[in-house]
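Peer 1: Following this message is one structure expressed as structure tokens.
The values are calculated or read from the model by the stated rules, or taken from the named source; none is laboratory data. Since the model is a prediction, treat every value here as computed from it, not as a measurement. Cβ placement follows ideal geometry from the backbone for every residue including glycine, while neighbour counts extend to all protein chains displayed.
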Amino acid sequence: MRVKTLHPWTLSPREAIALQKQLAEQVVRENQAESVRYVAGADIATFKDSPQAYAGVVVMSFPELKTVEEKAAHCTLSFPYVPGLLSFRESPALLKVFENLEHEPDLILIDGQGLAHPRRFGIACHLGLLLDKPTIGCAKSRLFGHHKAPLSERGSFSDLYDDQGDVIGAVLRTKDRTNPLFISVGYQVDLTTAIHYTLACCQGYRLPEPTRQAHLFVGRISRAARGNKAKEPMLKEDEASEQLNLLDH
């Protein structure tokens, strides 16, 4: 896959925040996810005590959701861990993996936020822009915004709002009586399409199969690389919603 070169990665947190605000204006929110044959999930295993990371992408056929390719890369992270700036820490490693894929995905699901972000530019937006591919943010917890709880049945959802009352995502129940996911537009999809494909990719689990398999994949790689003695992973951006600091406003 071709990766756009839009900016350097050697930025300070404040420079990264300024860049997010700039690039957010380039996010395409209209749906272009058509004739989806391959869907990919991406994840990365990072650790509190080390700058080492193991990034992985799993490509699956759609709608069968059979794995057709798994690729991984090991790298050293250089950007600090700052909630709200996950993409600047993790995207360089993930992009290396996407560049080497043999099966180019038509749609990418990211374990992180899209527009449901203080600056409307989470990692799903960033990767979609750089890869010029439809992407969906499928976060396990809220980073930003407020909502009412959806009904308990699979497929139920409620809108996620920002402080001005604008809809920035959906709180989607992907499995009966299970904690919902926080779904948002990443790039070249609308929210209705994001909800549709998220549900279509769930096979009895809370997580969509592409991101679930990517999580399992990088977990296996990281444990094998560390001799099955891997320590506690870093919190993801979407798992640190209560830890936003002044840089994130």
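Peer 1: Can we say ALA33 is buried (at least 21 other Cβ atoms within 10 Å of the Cβ), more than 16 Å from the chain's Cα centre (by Cα) and of a type in the set (A, V, I, L, M, F, W, C)?
Peer 2: On the way: buried (at least 21 other Cβ atoms within 10 Å of the Cβ): yes; more than 16 Å from the chain's Cα centre (by Cα): yes; of a type in the set (A, V, I, L, M, F, W, C): yes.
Answer is yes for this residue.
Peer 1: Could you say whether any residue in region 70-87 is within 16 Å of ALA53 (Cβ to Cβ), touching a strand residue (DSSP E or B) at 6+ places or on another chain (Cβ under 6 Å) and either assigned to a loop (DSSP other than H, G, I, E, B) or basic (Lys, Arg) (or both)?
Peer 2: For region 70-87, residues within 16 Å of ALA53 (Cβ to Cβ), touching a strand residue (DSSP E or B) at 6+ places or on another chain (Cβ under 6 Å) and either assigned to a loop (DSSP other than H, G, I, E, B) or basic (Lys, Arg) (or both): present.
Peer 1: In region 82-92, is there at least one residue being of a type in the set (Ser, Thr, Tyr), under 23 Å from GLU15 (Cβ atoms), surrounded by 15 or more Cβ atoms within 10 Å (Cβ to Cβ) and in contact with an Asp or Glu (Cβ under 9 Å, 6 or more places away or on another chain)?
Peer 2: yes
Peer 1: So, one more: LEU94 is checked against (1) out of contact with any helix residue (DSSP H, G or I) (no Cβ under 8 Å at 6 or more places or on another chain); (2) in a helix (DSSP H, G or I) and fails just one. What number does that condition carry?
Peer 2: Only one criterion is unmet by LEU94, namely (1).
Peer 1: Right, here's the next one. Can you report the number of residues in region 201-217 which are within 17 Å of ASP176 (Cβ to Cβ) and of a type in the set (Gly, Ala, Ser)?
Peer 2: The total comes to 1.
Peer 1: Which residue pairs have Cβ atoms closer than 7 Å, lie 6 or more positions apart in sequence or on different chains, and pair a first residue in region 118-144 that is among the aromatic types (Phe, Trp, Tyr) with a second residue that is at pLDDT 95 or above and crowded, with 24+ Cβ neighbours inside 10 Å?
Peer 2: Every condition considered, the pairs that remain are PHE144/ALA116; PHE144/HIS117.
Peer 1: Based on what the data block shows, is THR46 more than 29 Å from HIS196 (Cβ to Cβ) and within 16 Å of the chain's Cα centre (by Cα)?
Peer 2: The answer is yes for THR46.
Peer 1: Consider region 157-195. How many of its residues are of a type outside the set (A, V, I, L, M) and in contact with a helix residue (DSSP H, G or I) (Cβ under 8 Å, 6 or more places away or on another chain)?
Peer 2: Just the residues of region 157-195 that are of a type outside the set (A, V, I, L, M), to begin with: 157-159, 161-166, 169, 173-180, 182, 184, 186-188, 190, 192-193.
Keeping just the survivors that are in contact with a helix residue (DSSP H, G or I) (Cβ under 8 Å, 6 or more places away or on another chain) gives 157, 169, 174, 182, 184, 186-188.
Of the residues in region 157-195, 8 are of a type outside the set (A, V, I, L, M) and in contact with a helix residue (DSSP H, G or I) (Cβ under 8 Å, 6 or more places away or on another chain).
Peer 1: Looking only at region 1-50, which residues are of a type in the set (Lys, Arg) and either in a helix (DSSP H, G or I) or under 14 Å from CYS125 (Cα atoms) (or both)? Quick ask: steps written out before the conclusion?
Peer 2: Here is the first cut: in region 1-50, the residues of a type in the set (Lys, Arg) are 2, 4, 14, 21, 29, 37, 48.
Correct list: LYS4, ARG14, LYS21, ARG29.
Peer 1: What residue, among those in region 93-119 that are touching a Cys at 6+ places or on another chain (Cβ under 7 Å) and of a type outside the set (Asp, Glu), is surrounded by the fewest Cβ atoms within 10 Å (Cβ to Cβ)? Break it down stepwise before answering.
Peer 2: The first filter runs over region 93-119 and keeps only residues touching a Cys at 6+ places or on another chain (Cβ under 7 Å), leaving 93, 96, 109-111, 114-115.
Those left that are additionally of a type outside the set (Asp, Glu): 93, 96, 109-110, 114-115.
Numbers: ALA93: 21, LYS96: 17, LEU109: 32, ILE110: 34, GLY114: 33, LEU115: 28.
The qualifying residue surrounded by the fewest Cβ atoms within 10 Å (Cβ to Cβ) is LYS96.
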